[in-house]
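Have a look at the structure below, then the notes.
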Amino acid sequence: MLLKGEVGLRAPEPEDLDFLFAMENDRKWWHLSGTLLPFSRFDLEQYLFTADKDIFTHKQARFIIEFQGKPVGTVDLFDFEPLHKRAGVGIMIAEEFRNRNIGKTSLELLVDYAFNDLQLHQLYCNIEADNEQSLRLFQSAGFEKSCLKKEWNFRNGKPVDEWFLQLINR
């Protein structure tokens, strides 16, 4: 487990099924991940039991964020590119646990792991332009805006701009 204070990152466990089921099936976030159908309990259970967690094979890794020993969110590395030494980052914190520095601490742990253990050169993320809370979170962790992607996503049938942010390992 990666740990800093009361915040930890760990691999998903079978007992996380109910938590992941609730998080993954919250429709208000589907547009961000391209999800069009709800996940079944069976699908998530199979993921927990059979998923090979090797980031080099699957090009992604998911961590459960724990606060005081309780799962409160997920943070992912995706589109892992070992040749180019980069990966995307996505984070989701349950609403009742936001604004407690859990997200910032989780990002600090993930950045340390990505730069020191995986030897990545950069991390990036995509954040809708009106998501000020997420923009503040990633910028507080050192990510910088690189470009604005105009009308990149659709939310409730309307186009939404999206920022591309990067953190370069200096």
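Every read-out reported here was derived from the displayed coordinates using simple, explicitly stated rules and does not represent laboratory data. From a predicted model like this one, the values you see are computed outputs, not experimental measurements. As a convention, Cβ positions derive from the backbone with ideal geometry for all residues, glycine included, and neighbour counts pool all protein chains shown.
Brief remarks on what is shown
- Over the chain: helical MRE at 222 nm, DSSP H runs n ≥ 4 each giving -39500 (n - 2.57), nearest 500: -7000 deg cm²/dmol
- Going by neighbour counts of Cβ atoms within 10 Å, the residues F154, F21 line up, fewest first, as F154, F21.
- Per-residue 3J(HN,Hα) values for region 4-9, derived from phi via the Karplus relation 6.51 cos²θ - 1.76 cosθ + 1.60 with θ = phi - 60°, read 8, x, 8, 10, x, 10 Hz in sequence order (x marks Gly and Pro).
- Relative contact order, percent, the chain [alpha-carbon distance under 8 Å, six or more residues apart]: 18
- Counting only Cα atoms, the size of region 44-114 along its three principal axes is 36, 29, 17 Å, in decreasing order.
- Charge sum, other residues only, whose C-beta stays under 11 Å from L44's C-beta, Lys/Arg counted +1 and Asp/Glu -1: -4
- Close amide H contacts of E128 (hydrogens built in the peptide plane, cut-off under 5 Å, sequence separation of 5 or more or a different chain): W163.
- For region 74-81, the Karplus equation 6.51 cos²θ - 1.76 cosθ + 1.60, evaluated at θ = phi - 60°, returns couplings of 9, 9, 10, 9, 9, 6, 4, 10 Hz by residue, with Gly and Pro reported as x.
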